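Right, one structure below, let's go through it.
The values are calculated or read from the model by the stated rules, or taken from the named source; none is laboratory data. What you are looking at is a predicted structure, and each value in this text was computed from that prediction instead of being measured. Note that each Cβ is placed from the backbone with ideal geometry, even for glycine, and that neighbours are counted across all protein chains shown. Remember, those area values only see protein heavy atoms, side chains included, never the ligands or the DNA or RNA. Shrake-Rupley method; radii C 1.70, N 1.55, O 1.52, S 1.80 Å.
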Amino acid sequence: MTLVPVHFGADPAYLIRGLSTDISSMECIFDLIDNSIDAARNELLSFGNAKKDQRGLPDSYAGFHIDLVFTDSSLSIKDNCSGMEEIDLSRRAFRTGAKSRHPFGIGHFGVGLKRAIFKLGTSIALETDNGNGAFRFAFTEASVLAAGDQPLLAERRSSSGSKSTAIRITGLRSDVAADVRSSLWIDRLTDGVKRRYGIFTRKGIEIRLNGTIIGPFGPTVREQDVGPVRRAMQYMETRLGVGVFAEAGLHEDYRIKGLESDYDEARHRAISSEQGWYVVCNDRIILSSDRTERTGWTTGWHNEYAGFLGWVHYVSEDPELLPWDSKKAGINVSSEAHRESVIWLKGIADEFRAQKNRLRSRGDRQRSTAAPSSGKIPGRAADAPASGPAKDNMPAPSQNSPDPNRHDKDLIHTETHTTLFHTCKIRTSSPKVRSLADEAVRMEIGDFPYASALLLRGFFEIVLIDYLKRIKRYGEVKELVFVNQAAQGRPFSDAQKKNFSPTLDNVLEWLVKHEDAFPEHERRTCRYGCESFKGYVKKINGIVHEDGILTGGSQVTEFRNSVLPTLRILLEHNAP
């Protein structure tokens, strides 16, 4: 039998021309910036102790810069982000279809670098230095076509000791050359860079275009509540583990007519185009002021939504799970992350609408406690920029609403307070704990006794688990369960152990037996809180699963008073 080889290799001409036919020169620039930012993030995460924001992404990119320089005959991008390793240059950087290896990356589709450079020009010179080794790789479209399946050669050089990557493209395509000569196109590019990378520039990375620094971007949600119109800060997690963080409420410059003395109709007209949802994937903004079905709008935009502003951040270590399209300029509506979250986003916008309707229907015309703005936005520092998302896009709760992260020494007598939770200094960085605390601070027990009871149960459980994880003793809870199961002749398999999560009863049983897990001078209080909570759980389970009823908010208040000291101790504890 004779064997015939069958090749599945791609024609280089197709890779050069086919992949670049439907992408603009501006989108190519964005792909190159994505690569630089991914390199900066890798550099930060490689240290292991990089400070992270509340969404688990790097908190600061200070010190990194990306320089774009255009002339009539060339285009170059240079950064000081990390430099390429030899294996990346040799095997990955120019390999078509190789998926991103960057955790929390934004340049993930495997065609960005090659597609960008061949769309822009015919001659490329790349110089990269990773601090240990340096390389120069110069090639042309003609040399790639002539090489076929054979590799081209890069030159190894001595490192300067400083990390950098520079790409210079000449032989510009005719349409690209026309673009870079156009001041209108440069203005559009500047705006596009600002809108896409506004969060990165807010975090300190410098992006310069022909020497001019491009500033941050993005309106912020107003921190102050106005009557029933409140800022919402919510979190959900998709089935595949994508974190979805939402913040929504009134636009920072929006004022309620007849209620706030600094209402300005001209200012409202100026911000009308900024209202809607802003969609972000791993800190890259992919949609701005969206009011379409992509973000859950099923009715036309009308006055009841006036002033609405929302930021939704999708965060995933695996960028393939994020709901963006291949150009990172819109939502992939078929993605699981989108399908699981779009109804949730609709609910947030609908609640905003309901709050505005309540404000109108009840004739709530009392004067806002906010001082007239006099051109300044309440809650903003005097030197803060006039636009752009607040730090981490997760600003502190408003001045007019309770702040679960504020330590208020006057809140000693719990029986005098009507809400489910009070203010304290929250040490954890867990978005879920912070979101639950914010909701509990707002929850009026008398108005919503059943919801308060359920929220208190879930809040206490999540705080316990978060505390154990912060003090690095959560694994001991699992181990106790494994030992007990083995003693009963029902040992867990390795696979079962790997996927096991302790129940609330497991956690409470372990804590009652291990008082040393609690802060030294608070052990008696915490033990009492956990023991009280065990009894409370039985009652609330009877209400949820059987025919038990609450006789009123006083029962929930009693439950809350018994566990509140423990909640505050665990939330305020600063774990090592």
Notebook entry, point to check: Does Asp191 satisfy being crowded, with 18+ Cβ neighbours inside 10 Å and out of contact with any Pro (no Cβ under 9 Å at 6 or more places or on another chain)?
Noted result: no
Margin query: Condition first: surrounded by 15 or more Cβ atoms within 10 Å (Cβ to Cβ), in contact (Cβ under 8 Å) with a residue 12 or more places away in the chain and of a type in the set (S, T, N, Q). Can you find one or more residues in the range 443-457 that meet it?
Written below: yes
Next item on the list: Pull up the range 232-259, narrow it to residues that are open to solvent by less than 10 Å² (accessible area, probe 1.4 Å) and among the charged types (D, E, K, R), then point me to the one that is nearest to Asp34 (Cα to Cα).
Entry: Glu247
Item checked: Some residue of the range 207-220 being open to solvent by less than 30 Å² (accessible area, probe 1.4 Å), aromatic (Phe, Trp, Tyr) and modelled with pLDDT of 95 or more -> no
Check: Would you pick out the residues in the range 43-54 that are part of a loop (DSSP other than H, G, I, E, B) and either closer than 18 Å to Arg208 by Cβ or open to solvent by 20 Å² or more (accessible area, probe 1.4 Å) (or both)?
Finding: Ser46, Phe47, Gly48, Asn49, Ala50, Lys51, Gln54
Note to self: With open to solvent by less than 40 Å² (accessible area, probe 1.4 Å), among the basic types (Lys, Arg) and closer than 22 Å to Leu75 by Cβ as the only criterion, which of Arg181, Arg115, Arg173 stands out?
What the structure shows: Arg115
Next item on the list: Taking Val463 as the residue in question, decide whether it is open to solvent by less than 30 Å² (accessible area, probe 1.4 Å), touching an Asp or Glu at 6+ places or on another chain (Cβ under 6 Å), within 20 Å of Ala575 (Cβ to Cβ) and in a helix (DSSP H, G or I).
Entry: no
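A quick yes/no check of all residues on (1) modelled with pLDDT under 80; (2) in a loop (DSSP other than H, G, I, E, B); (3) over 18 Å from Tyr467 (Cβ atoms); (4) out of contact with any His (no Cβ under 8 Å at 6 or more places or on another chain):
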site: Gly529; (1), (2), (3), (4): no, no, no, yes
site: Ile540; (1), (2), (3), (4): yes, no, yes, yes
site: Leu550; (1), (2), (3), (4): yes, yes, yes, yes
site: Val563; (1), (2), (3), (4): no, no, no, yes
site: Ala575; (1), (2), (3), (4): yes, yes, no, yes
Note to self: Taking the condition of being over 26 Å from Ser430 (Cα atoms) and modelled with pLDDT under 90, how many residues in the range 229-261 meet it?
What the structure shows: 6
Checklist line | Lone unmet requirement of (1) open to solvent by less than 30 Å² (accessible area, probe 1.4 Å); (2) over 17 Å from Val477 (Cβ atoms) for Arg490 | finding: (1)
Margin query: Within the range 51-64, take every residue that is in contact (Cβ under 8 Å) with a residue 40 or more places away in the chain and touching a Ser or Thr at 6+ places or on another chain (Cβ under 9 Å) and give me the one that is farthest from Gly83 (Cα to Cα).
Written below: Gln54
Item checked: Unmet criterion (only one of (1) at pLDDT 60 or above; (2) of a type in the set (D, E, K, R); (3) surrounded by 13 or more Cβ atoms within 10 Å (Cβ to Cβ)) for Lys391 -> (1)
Margin query: Cβ-Cβ distance below 9 Å, separation of 6 or more or different chains: which pairs start in the range 149-178 with a residue that is closer than 17 Å to Glu86 by Cβ and end on one that is of a type in the set (S, T, N, Q) and assigned to a helix (DSSP H, G or I)?
Written below: Pro151/Ser90; Leu152/Ser143; Ala154/Ser90; Thr165/Asn35; Thr165/Ser36
Check: Can you name the residue in the range 307-366 that is part of a loop (DSSP other than H, G, I, E, B) and among the aliphatic types (A, V, I, L, M) and is also nearest to Thr238 (Cα to Cα) among such residues?
Finding: Leu322
Margin query: Which count do you get for residues in the range 312-347 that are crowded, with 19+ Cβ neighbours inside 10 Å and at pLDDT below 90?
Written below: 1
Next item on the list: Collect the residues in the range 75-108 that are open to solvent by less than 60 Å² (accessible area, probe 1.4 Å), hydrophobic (A, V, I, L, M, F, W, C) and either modelled with pLDDT under 90 or closer than 21 Å to Glu320 by Cα (or both), keeping them in residue-number order.
Entry: Leu89, Ala93, Phe94, Ala98, Phe104, Ile106
Notebook entry, point to check: How many residues, within the range 417-437, are touching a residue at least 12 places away in the same chain (Cβ under 8 Å) and more than 18 Å from the chain's Cα centre (by Cα)?
Noted result: 11
Notebook entry, point to check: Which condition does Thr423 not pass, out of (1) modelled with pLDDT under 85; (2) open to solvent by 20 Å² or more (accessible area, probe 1.4 Å); (3) under 22 Å from Gly227 (Cα atoms), if it passes all the others?
Noted result: (2)
Margin query: What's the total number of residues in the range 121-148 that are in contact (Cβ under 8 Å) with a residue 60 or more places away in the chain and under 15 Å from Ser90 (Cβ atoms)?
Written below: 1
Check: So which residues in the range 29-42 are crowded, with 21+ Cβ neighbours inside 10 Å and of a type outside the set (A, V, I, L, M, F, W, C), if there are any at all?
Finding: Asp31, Asp34, Asn35, Ser36, Asp38, Arg41
Margin query: Any residue at all in the range 221-229 that's under 20 Å from the mean Cα position of the chain (by Cα) and under 16 Å from Val279 (Cα atoms)?
Written below: yes
Notebook entry, point to check: Looking at this structure, is Leu309 surrounded by fewer than 22 Cβ atoms within 10 Å (Cβ to Cβ) and under 22 Å from Pro216 (Cβ atoms)?
Noted result: no
Notebook entry, point to check: Can you pull out the residues in the range 55-74 that are closer than 27 Å to Phe245 by Cα and open to solvent by less than 40 Å² (accessible area, probe 1.4 Å)?
Noted result: Arg55, Gly56, Leu57, Pro58, Asp59, Tyr61, Phe64
